[in-house]
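Colleague: Quick one: structure below, then a few questions.
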Amino acid sequence: MRVRVPTLDDVDVDGKRVLVRVDFNVPLQEGGVVGDDTRIRATLPTLRELLDAGATLVLASHLGRPKGPDDEARLAPVAERLAELLERPVRYTPTSGPGASEQQTFVAAGESGSITLLENTRFDARETKNDPELAKVLAGYADLFVNDAFGAAHRAHASTEGVARLLPSYAGRLLERELTALGALLDDPERPFVVVLGGAKVSDKIGVISNLLGVADTILIGGAMAFTFAKAAGGRVGDSLVEDDKLDLARDLVTEAEERGVRLLVPDDVVCAPRVERGIEIAVHAIDDIPDGQKGLDVGPDTIRRFERIVLAARTVLWNGPMGVFEIPPFDVGTRAIAHAVAESGASSVIGGGDSVAAVNAIGVADRIGHVSTGGGASLEFLEGRTLPGVAALGSVGGA
Ligand code: ADP
Ligand code: MG
């Protein structure tokens, strides 16, 4: 199950021009300054290693979802922050896209050992179409290709997939770390292997649940998706969020779990309120007996104790999706409790999902988690057992 891809261990980059696909899709604040720079920091080990080994770098990233050239989505602020973090100059010039003729001239002028950041790849509509002409222009910038953009690896775009089919291509250290950590979950995890799933929708995570039924010992369900399971089992869930078109699917997953001997647990009790509001008065109800006018917004105290016990006894834990509306107290209690339990479990732990990672950072336990994934969609697709196009393309061209 574990993916074998060529890595930086397999190549000598000395004197080579290397195109690196990075994930610099960071939030920009007012005045064009980078907000949270976690994604830039995450790829520094790869960039430093390549520079130390004598490479000249050309970096490509998307930012946001511009439909064409867009001043709000230029990579100038990213170039500035990257230069600060690397303590080296980063060459950047605003253009209409990564393949524009001014861009080509600018890249060609980069001296040996320099770092050039291309303009936002999504300024060129050919990027998301995986257009071979754009891939060819990008490949013309370098001798080798390194993909370190795990967060974009589930997309077959010109700068992720297309170019990897034209140059000798390798996984960067971040991509390698992601594949190793997530791969280890699917490939003979230490037991018990406990999966904690929550968040907004069952529909986002059906594929993950199905695939993990083949490998997990216990799956704990929290968040809004618990109510679809509770209603599917005949419960009264009041005004809680339910995906009514997914009730059959929830029943199928429960049956499949029984057949495979996997314990699939939904909360017993839930914290309810008439609406999501900071500090509002709450009531605890059984998940299958929530009065009309009440919404389930967090897992209840009995469920927290039960889930904590199971997580603390795990040897491997995967967590994706908050247990409640953790952004708004008092509905953050369940998510906090699970975060602490995962940190204290001493298990090999992996956390994925944009909101879950934000929660773990806010709660302050990220440094006690084995692996905090940088890819939301990409980590889910990987855990569904799907092949990531940006990964599959690596190594398709013979090595340099
Ligand atoms: P991740 O980004 O970690 O994969 P999701 O995007 O699936 O997580 O879900 C996160 C969202 O789910 C959060 O905004 C949270 O407020 C919401 N959520 C969790 N529990 C509930 C609930 N009981 N009712 C409504 N929304 C919920
Ligand atoms: Mg999310």
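The values are calculated or read from the model by the stated rules, or taken from the named source; none is laboratory data. Only a predicted model underlies this, so the values are computations on that prediction, with no experimental measurement involved. Cβ coordinates were reconstructed from backbone atoms using ideal geometry, including for glycine residues, and neighbour counts include every protein chain displayed.
Colleague: Which one of Leu182, Leu220, Leu212, Leu197 is within 16 Å of ligand 1 (Cβ to nearest atom), aliphatic (A, V, I, L, M) and over 27 Å from Pro389 (Cα atoms)?
Modeller: Of the residues listed, the single one that is within 16 Å of ligand 1 (Cβ to nearest atom), aliphatic (A, V, I, L, M) and over 27 Å from Pro389 (Cα atoms) is Leu220.
Colleague: Next up: For the range 269-332, give me every one of the strands (runs of 3 or more DSSP E) that falls completely inside it and has 1 or more residues that are modelled with pLDDT of 95 or more and closer than 27 Å to Val215 by Cβ.
Modeller: Here the list reads 295-299, 316-320.
Colleague: With respect to Ala181, determine if the residue is touching a strand residue (DSSP E or B) at 6+ places or on another chain (Cβ under 9 Å), part of a loop (DSSP other than H, G, I, E, B), aliphatic (A, V, I, L, M) and in contact (Cβ under 8 Å) with a residue 12 or more places away in the chain.
Modeller: no
Colleague: Further question: Mind checking which pairs have a first residue in the range 116-137 that is modelled with pLDDT of 95 or more and in a helix (DSSP H, G or I) and a second that is surrounded by fewer than 19 Cβ atoms within 10 Å (Cβ to Cβ) and among the basic types (Lys, Arg), Cβ under 7 Å, 6 or more apart or different chains?
Modeller: Arg122/Arg65
Colleague: Restricted to the range 191-211, and to residues that are outside any strand (DSSP E or B), farther than 20 Å from Leu297 by Cα and under 17 Å from the mean Cα position of the chain (by Cα), which residue is nearest to ligand 2 (Cβ to nearest atom)?
Modeller: So, considering only residues that are outside any strand (DSSP E or B), farther than 20 Å from Leu297 by Cα and under 17 Å from the mean Cα position of the chain (by Cα), the one nearest to ligand 2 (Cβ to nearest atom) is Val208.
Colleague: Does the range 233-256 hold any residues that are more than 18 Å from Gly223 (Cβ to Cβ), part of a helix (DSSP H, G or I) and not acidic (Asp, Glu), and which are they?
Modeller: Within the range 233-256, Arg251, Thr255 qualify.
Colleague: Something else now. Yes or no: the range 249-263 includes at least one residue that is assigned by TED's automatic domain parsing to the domain that holds Val317, in contact with a Gly (Cβ under 9 Å, 6 or more places away or on another chain) and not acidic (Asp, Glu).
Modeller: There is at least one residue in the range 249-263 that is assigned by TED's automatic domain parsing to the domain that holds Val317, in contact with a Gly (Cβ under 9 Å, 6 or more places away or on another chain) and not acidic (Asp, Glu).
Colleague: Out of the range 342-359, which residues are crowded, with 24+ Cβ neighbours inside 10 Å, in a helix (DSSP H, G or I) and free of Cβ contacts under 8 Å to residues at least 40 places away in the same chain?
Modeller: Ala359
Colleague: Could you check the range 360-388 and list, in sequence order, the residues that are surrounded by fewer than 19 Cβ atoms within 10 Å (Cβ to Cβ) and part of a helix (DSSP H, G or I)?
Modeller: Asn361, Ala362, Ile363, Ala366, Asp367, Arg368, Gly376, Gly377
Colleague: Within the bounds of the range 224-231, is there any residue that is within 20 Å of Glu327 (Cα to Cα) and in contact with a strand residue (DSSP E or B) (Cβ under 6 Å, 6 or more places away or on another chain)?
Modeller: Among the residues of the range 224-231, at least one is within 20 Å of Glu327 (Cα to Cα) and in contact with a strand residue (DSSP E or B) (Cβ under 6 Å, 6 or more places away or on another chain), which makes the answer yes.
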